Amino acid sequence: MKKTINIQNIFLVAMIAMACSCSKGIEERTDGLPPLNPVRADQDAGTWTPILLTGPTEFTVAAPISTASPDYRIQINEIKSMQSRMTEADKKLVEYWSAGAVLRWNEIMRELVALHNLPPYQNDDGTYPFPDPNNPLAYPLFPFANPPYAARAYAYTAAAQYDALVAGYYYKDEYKRPAPYVVDSTLQVMVPKTTLPSYPSEDAVVAGAAVEMLTLLFPGDQDFIRQKAEEHKKARMLAGANVRSDIEAGEALGRSVARKFVSRARTDRAGVAAGNQAVWTKLEEDTKARGEIPWISLETPKRPPMLPLFGKVRSLMLDSLTLVSLRPGPPPSTSSDQMKAETEEVYQAIKKASRDDIAIVHNWADGVGTYTPPGHWNAIAAEDFIRQDFSEVRWARNMALLNIAMMDAAIVCWDAKYTYFNPRPSQLNAAIKTSTGTPNFPAYISGHSTFSAAAAAFLGHILPEKAAAYSAMAQEASRSRLLGGIHYRSDCEVGLQVGTNVGSYCIQRAKTDGAD
Amino acid sequence: MQRKHILGFLCLLAFWIPKQKIQAQTEWDAIMMNKNQFCIGPMYTHSSWTNYWEGTLKRENLNIGRITTQSVMLMANYGITDNLNIMVAAPYVWTEASAGTLGGLSGVQDISAFVKWKAIRTNLGKGKLSVFAVGGISTPLSDYVIDYLPLSIGLGSTNLTARGMADFIQDSWTVTGSAAYVHRSNVTIDRNAYFDTEIRYTNEVQMPDAAQFQLRGGYRGKYLIAEALFTNWTTLGGFDMTRNNMPFPSNRMNATTAGLYVKYTVKNHTNLSVLGSANFTLAGRNMGQANAYSAGIFYAFYFGGQKGKNQSIKSAQ
């Protein structure tokens, strides 16, 4: 009987331990950030060089109403009324959005990319359907946000936000309308006060540009995008940072500027990058004609190669001659001893892969269902930028150039992939079993290497104290593809070199755009 | 007396992988070992599937073909008292895909330890009713890869299980029902951001808890045990794989399996027993429709020796 009681106690203790054991909540790295409090206001950003705009006044922002007017008073009272009814959820909105407009929209875009980075399932006859931008909610959902698609999406959205902010800051300085808490010192303020004029609202500029671009890029997610924009605008008013007219002017400007980018995106040839059967066949025939083994899809059924014409997409910054000049020389011939040796190196790497090697492969894989390698570098950049207390316009400028560098990396890399149409290691040696998914496009040059080197080069310019760390990360990302069994050494090494070269253009640009 | 050890089938191998912890010591059967009895042995399991449920949609995947998971598990059981047993097990697991380029993985998976207590034993009509409480823990023995489904060898969480069980036996015919709550710890994966139903900027994955049910019945004689069993694993939360997406450790993984379990104790050498089992997945969600087969051989020893060898047989009934 005594024993029974002891045992009962054991069970009781075990049950209590289970009930109270570790709370399961997880904490994310960008939860609970402090509000953005720029060390430099960058009030002169209206003089910085935009990407596509001819100048900051290409789109006009009408003069604001006077802060002495009764209408302005009504807008102040609107804020006070909202604040008097503030809920816990409202407070969370303010906290979330106060961390930074560019940061949060960049995170939202990464989420949309991850949601959409899924290859379509095959048709019954073994062919594959293509997502249709005009019918985005029918399967396969539009878009398939693969790495080139994502690179372009990040670049367009960031560049549109940057250009819109250059214009926005121009008008801020032009009209010099003070923030509502400057006009009415009794107003409750939930964000750090700034001397930056508040008309038009920089947050609304960013949101307006984001809504316009993301509606083009993720047309099936408009409800989600609009809801985020509404929350963003509401958060700024709840925080006492902007009156309604600051918000409305900012949003309208952001949308107008972004529409210029939308027009550009519709004609940048990305829409036809998937090619067609004739294009796919020709790639194979041309490669055979050169005496090389052509790439073949390792999927069942064989899937058409990913975006074979993405190398023809227009850059936001570089002309086509420059893009062609960035094309690397050919890979080792598929019949060469070097290719044989490199294939054997991949085989050995996979066979000898340690637990740490696999961790490296998986940390950098950024494959199906993720925000892609460009998204990974956005996350890396954003988490470092948070600590820099950049102004919104500097955030936008750095994100724009980072993502333009990666979009250009995608263009140059995809150009090389389909110029040479080189097989993957598992095609040349079926014994090579990979530790991550084999991408459905040619090997040479490595996309991860190209993206990563371009991003690392540019970020090293923005944060020189971290340049060596970024370079090491790019090298690790590159090496992860060899360790994972999906790239040869040549793919990785040349990819890093080409990426660095691509990144140098954005560094050059950064030195002369007025922000450095 | 060898029949007293508590060995089981690995119905859980019927899943994506033996991830729900190989609780092969069946903490879910009604058999007890006697005091100071110790039993040990290996069990081999082969589990494979070609069809799986992507959310609730059943499909095949030509890029992985057939997924095969095999394991060898060493299991040991000990009778602390006639009514209190402890069971420990640890498997080595290896996986492979028959098609596509993805390579399999291998390694030592989770160690599990369960305590089974026969709390009540009473006559009921012409038979006997027993009620058990079982508690256990399982935790990874190695730093194996978690986020590589369906080819990872385990899910990596530390699980605490609490089970209630009732058994009725009359003239060697038996029926046993049990229900368990499994508390699963969060796990850490090799990447620092992932998407479940939204993007998460952390390498920590919140693992939903799970419930487990089993109903089994059949013949439980002196040398032969033959039972049919139905088992259900239901994840209490988690999310569905989206179309053509990869599986993820915190998916809502459910499975219902039906199987057979046979154990035979060698008549003229009762220290020795062999067992075999087969389990088939009837329904599932975010898991493979696996067929699993197990075979094991076990040897029993006595410590203390205060009980006669043949005395213990009765206590199972």
Response to the item:
Across B:Ala113, B:Ala99, B:Ala179, the residue with the highest GNM fluctuation in chain B (Cα network, 10 Å cutoff) is B:Ala99
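How much area per residue is accessible in chain B when the probe is 1.4 Å and only protein heavy atoms are counted (Å²)? Please report the intermediate quantities before stating the final value.
Details: 10730 Å² over 317 residues.
Accessible surface, normalised per residue, equals 34 Å².
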Worksheet item: Got a number for the accessible area of B:Tyr144? Probe 1.4 Å, square angstrom, nearest 10.
Response: 20
Item to complete: Enumerate the amide H contacts of B:Asn51 below 5 Å, restricted to partners 5 or more residues apart or on another chain; note that Pro and chain-start residues carry no placed amide H.
Response: B:Gln289
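What's the extension gain from A:Val272 to A:Thr47 if we count 0.36 nm per residue and subtract their Cα-Cα distance? Please list the in-between numbers first.
Details: separation 225, 0.36 × 225 = 81.00 nm, distance 3.63 nm.
Stretched fully, the A:Val272-A:Thr47 segment lengthens by 77.4 nm.
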Practice prompt. Quick one: check the C-alpha center-to-center distance for the range A:447-510 versus the range A:238-314, whole angstrom.
Written response: 22
Item to complete: Quick one: what are the phi-derived ³J(HN,Hα) couplings along the range B:154-165, Karplus 6.51/-1.76/1.60 with θ = phi - 60°, whole Hz, x for glycine and proline?
Response: x, 9, x, 8, 8, 10, 10, 10, 10, 10, x, 8
Worksheet, complete the sentence: As a Kirkwood estimate from alpha-carbon pairs, the range B:3-302 has a hydrodynamic radius in angstrom of 19.4
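When every alpha-carbon pair in the protein assembly as shown is counted, what percent end up more than 52 Å apart?
Cα-Cα pairs of the protein assembly as shown separated by over 52 Å account for 28 percent.
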Worksheet item: Do any GluC sites (Glu not before Pro) in the range A:148-252 lie in a loop, going by DSSP, with at most 15 other beta-carbon atoms within 10 Å of their beta carbon, and if so which?
Response: none
Response to the item:
Taking the dipole of the range B:203-303 about the Cα centre (Lys, Arg +1; Asp, Glu -1; charges at Cβ), the one of B:Gln214, B:Leu272, B:Asn245 that reaches farthest to the positive side is B:Leu272
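Taking only protein heavy atoms and a 1.4 Å probe, what accessible area per residue, in Å², does chain A have with all protein chains in place? All intermediate terms of the calculation are to be shown ahead of the outcome.
Values: 20150 Å² over 516 residues.
Counting only protein heavy atoms, the per-residue value for chain A is 39 Å².
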Worksheet entry | Buried solvent-accessible surface, both chains (B, A), 1.4 Å probe, Å² to nearest 100 | 4100
Item to complete: List, in order, the whole-Hz ³J(HN,Hα) value for each residue of the range B:182-190 obtained from phi through the Karplus relation with A = 6.51, B = -1.76, C = 1.60 and θ = phi - 60°; use x for Gly and Pro.
Response: 10, 8, 10, 6, 5, 10, 10, 10, 7
Worksheet entry | At least 30 Å² of accessible area lost relative to the chain alone, listed for the range A:401-442 with a 1.4 Å probe | A:Lys433, A:Thr434
Item to complete: With a cut-off of at most 12 other beta carbons within 10 Å, and DSSP calling the residue loop, which trypsin sites (Lys or Arg not before Pro) in the range B:216-273 qualify? Please list them.
Response: B:Lys267
Discussion item. Can you give me the long-range amide H partners of B:Leu105? Hydrogens built in the peptide plane at 1.01 Å from N, cutoff under 5 Å, separation of 5 or more residues or another chain.
Written reply: B:Thr95
Discussion item. Could you give each residue of the range B:31-48 its phi-based ³J(HN,Hα) in whole Hz, using Karplus coefficients 6.51, -1.76, 1.60 with θ = phi - 60°, and x for Gly or Pro?
Written reply: 8, 10, 8, 7, 3, 6, 8, 9, 9, 8, x, x, 9, 9, 10, 10, 9, 8
Practice prompt. Taking amide H positions as placed in the peptide plane 1.01 Å from N, state which residues far from A:Ala179 in sequence (5 or more) or on other chains have amide H under 5 Å from it.
Written response: A:Ser198
Worksheet entry | Check: chain A dipole with +1 on Lys, Arg Cβ and -1 on Asp, Glu Cβ, in debye | 580
Worksheet entry | At least 20 Å² of accessible area lost relative to the chain alone, listed for the range A:326-350 with a 1.4 Å probe | none
Worksheet, complete the sentence: Under 22 Å between C-alpha atoms, the lysine pairs in the range B:3-302 lying 8 or more places apart or on different chains count 29
Worksheet item: Which residues, if any, in the range B:135-180 have at least 20 Å² less accessible area in the whole protein complex than in the isolated chain, probe 1.4 Å?
Response: B:Asp143, B:Val145, B:Tyr148, B:Leu160, B:Ala162
Worksheet item: Once label points are set 7 Å from the Cα along Cα→Cβ at both B:Leu236 and A:Glu383, what is their separation, rounded to one decimal in nm?
Response: 3.2
Worksheet item: Given a 1.4 Å probe and every protein chain left where it sits, what share in percent of the accessible area of the protein assembly as shown is carbon and sulfur?
Response: 56
Response to the item:
Within the set B:Ile169, B:Ile80, B:Ile146, GNM on chain B using Cα springs under 10 Å gives the largest fluctuation to B:Ile80
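The values are calculated or read from the model by the stated rules, or taken from the named source; none is laboratory data. Given the structure is predicted, the values throughout are model-derived calculations rather than measurements. Ideal geometry is used to build each Cβ from the backbone, glycine not excepted, and the neighbour counts take in all protein chains shown. SASA here: full protein model, heavy atoms, side chains in, ligands and nucleic acids out. Shrake-Rupley method; radii C 1.70, N 1.55, O 1.52, S 1.80 Å.
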